[in-house]
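Working notes, beginning with the structure itself.
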Amino acid sequence: WPGDTSPNGRQQAHGLIVNYLYEPHRIEQNHEDFSRNDSVVCSSEVKKESKAHKELGKAPKRESRTESDPLSSAPL
């Protein structure tokens, strides 16, 4: 802290930067869990903090795009 304190960084992540641990054998399942359920794998310490601050416990809802949308292949 502080990570990205720009207006966009503060709006998207409250100015925080997060480090990730990539476990190659779990990437596909983690991606599917997030895509289907907005579920994010995290450590027990993060879960504990999340419970203390419930607004941090869920990923923000993402808008869905249709096949006919010209931006459908663009990242959300």
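Which residues among segment 1-16 fall inside the zone where the amide N is under 13 Å from a point 7 Å beyond the Cα of GLU49, along Cα→Cβ? Within reach of a label on GLU49: 1-3, 14-16. The reciprocal of the average 1/r between distinct C-alpha atoms defines the Kirkwood hydrodynamic radius, which for segment 1-51 equals 12.7 Å.
Readers should treat all values here as calculations from the given coordinates under stated rules, not as data from a laboratory. Quick caveat, the model's predicted, so the values are computed rather than measured. We place every Cβ from the backbone using ideal geometry, glycine too, and count neighbours over all the protein chains shown.
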